[in-house]
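What follows is a short report on a single structure.
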Amino acid sequence: MPGAVAQIADSSLQVHSRITADDATQMLAAADKENKAGDTGWSCCSVAGEDGTEEILRVRASWGDDKFEPDALTQLTDWLKKHRITRPVVIPVDSTEVLLDAKAAKKTWRCPEFPTTPQSRNPLENLYAMGSVCGKLDQLMDRNQVRAYELLHHQTLTGTWQGFCDKAARVSALLQEPQKEVTVQGVKGLMKFTKEDIMGLLVMVSGDLKAPNEPFVGHRNHGKPGDDISDPYPHELIPALSEFLKAGDVVVASITNRQQVRNYPYDRSKIDEFLSPRDGMEKVSPQKGGVIKYQTIELESTGYPDKARHYKSWVEYDPVNSQALASGWFGDPNNIERNPDFIWVPRARGDLSKKENWPKTCTHNPHVDPQWVFEVYRQSILSPPQ
């Protein structure tokens, strides 16, 4: 909404929640000035032209009557009764534009993160626990290496809750969920590996299943000076989500924009864009002479429905080429889940249904054999790949 009337309305709402009677007086004075400067239309009430009258109608329709205090609305109504225009007023319709509505080619499932701290309510959630999958591997081979290595290298005794959320997210994104337990012949007899045990095996080898380069958007917040809690900004996140989801990729987001990382995989996203703010948003004035539009960004996960995200944002676009000039997030900046910290896309090193694409060594724990893990995992799924 260019023009003096719209500028007054914009500036007044930056100060007040509603347009006051004084604001309305200034708006009408500006409209009178525009009308007198015009040389078209008919003269009404000593006013020639109609540009100012048209702008008053446009601003009122765009803002809505609830943005005006009663006295201000009365002023505008009385003024408009005395002014006529000869051409129709084109009021922009605030239609919804769907920027994205896409699902990944694969549904996610809930894979345990396996905490590294011993404070877990269930000790078996720790990979290094006595009855954990690492302990079972030692019993299977009659040795004491796997659990000892896990305990030494991956137990954390200080700090907040920690776990392998990135590895669990990658497993959920790239592999089918184990469906049944598997019995394996060991040195001293049979050993049963539950579905959860097999998930633990997959988590341990997941780092060696990934492709060399996994797309990453944003910068991790390490809690250091200069780290930006608003990064990635909406104008960076929206096109990235569109690119990845439309290509069928599962997208992983760290849902806390502070130092602690909480990765979850998402297999659906819907992004809507509007010309005016919706609930939970405020009107934003252009910073660089562009056009402001507002978005709702939804992220959903089949495996983690409780971790669905609902973000609200704005983007300023260049009116000529529609390039993004600036953007920002709505919500309390102190809310660590106001916007994601970063997103990334899990990518496999090859077709993981084939054993030859599984490595022969495990970086996470060198006493775990990924080739053996593949065989156990293949038996655990309902429809083993050929």
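Give the peptides 264-272, 355-363, 98-106 in descending order of average Cβ contacts within 10 Å, highest first.
264-272, 98-106, 355-363
Evaluate the distance, in nm, between pseudo-label points positioned 7 Å from the Cα of Gln371 and of Asp318 along their respective Cα→Cβ axes.
Between Gln371 and Asp318, the simple spin-label model gives 5.6 nm.
Report the FRET efficiency, 1/(1 + (r/R0)^6), for Thr20 and Arg220, where r is their Cβ-Cβ distance and R0 is 41 Å, rounded to 0.05.
Between Thr20 and Arg220 the formula returns 0.35.
So how tilted is helix 370-380 from the main axis of the chain? Cα-based, degrees 0 to 90, rounded to 10.
Result, in degrees: 80.
Pop a pseudo-label 7 angstrom from the Cα along the beta-carbon direction at both Glu196 and Ala105 and give the gap in nm to one decimal.
Result for the modelled spin labels: 3.3 nm.
Region 61-80 to region 284-351: how many Å between their Cα centroids?
The two parts, judged by their Cα centres, are 34 Å apart.
Can you give the local net charge around Tyr317? Use residues other than it whose beta-carbon is closer than 15 angstrom to its beta-carbon, Lys and Arg +1, Asp and Glu -1.
Net charge around Tyr317: -3.
What is the distance, in nm, between label points placed 7 Å from the Cα along the Cα-to-Cβ direction at Gln259 and at Ala4?
Label-label distance for Gln259 and Ala4, simple model: 5.5 nm.
Amide H neighbours of Phe68 under 5 Å, counting only residues 5+ apart in sequence or on other chains, H built in-plane at 1.01 Å?
Residues meeting the criterion, in which the H sits 1.01 Å from N, are Ile19.
Test of understanding: what is the full-extension gain from Ala148 to His310, defined as 0.36 nm times their sequence separation minus their Cα-Cα distance?
Full extension of this stretch gives 54.1 nm more.
Measure up Lys167/Lys307; Lys103/Lys307; Lys136/Lys354; Lys224/Lys307; Lys195/Lys270 against 24 Å on the Cα-Cα distance and list the ones that go over.
Beyond 24 Å: Lys136/Lys354; Lys224/Lys307; Lys195/Lys270.
Assign unit charges at the C-beta atoms only (+1 for Lys and Arg, -1 for Asp and Glu), then state the dipole size of the chain relative to its Cα centre in Debye, rounded to the nearest 20.
Rounded to the nearest 20 debye, it is 1620 debye.
May I ask you to derive the FRET efficiency for Asp65 and Ser242 from their Cβ-Cβ distance with R0 = 30 Å, giving the value to the nearest 0.05?
Result of the calculation: an efficiency of 0.25.
Projected onto the charge dipole of the chain (+1 at Lys/Arg Cβ, -1 at Asp/Glu Cβ, origin at the Cα centre), which of Leu157, Phe216, Pro232 gives the Cα projection farthest towards the positive end?
Leu157
Quick note: the coordinates plus some simple rules give every number you see, no bench work behind them. On a predicted model such as this, the values are computed, not experimentally measured, just so you know. With ideal geometry, Cβ positions are generated from the backbone for all residues, glycine too; neighbour counts draw on all protein chains shown.
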